[in-house]
Amino acid sequence: MSVLLSTPGRMSADRDELQRLVDELPEHDIPAVLAEARRAHLEAATE
């Protein structure tokens, strides 16, 4: 199990970058990217 430590400023920067990347995705890529994010989230939750 890994533990990630982050500061509020770093978390905000990461969220801002994620939002920018999502906003730049072509509409046709959103379902595949969302499915992969869900898969990774579920996989991490079961570790």
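Results, tabulated for the structure shown:
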{"quantity": "Rg to Rh, two decimals, where the chain supplies the alpha carbon set and Rh follows Kirkwood", "calculated": "1.05"}
{"quantity": "Ranked list, fewest to most other Cβ atoms within 10 Å of each Cβ, for H28, H41", "calculated": "H28, H41"}
{"quantity": "Inter-label distance for R15 and A35, nm, one decimal - labels placed 7 Å from Cα along Cα-to-Cβ", "calculated": "2.9"}
{"quantity": "Helix-only [θ]222 nm of the chain, DSSP H runs n ≥ 4, -39500 (n - 2.57) each, per residue, nearest 500", "calculated": "-23500 deg cm²/dmol"}
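Bear in mind these aren't lab numbers, they're just calculated from the coordinates by the rules spelled out. As the structure is a computational prediction, the values presented were derived from the model and not from experiment. As a convention, Cβ positions derive from the backbone with ideal geometry for all residues, glycine included, and neighbour counts pool all protein chains shown.
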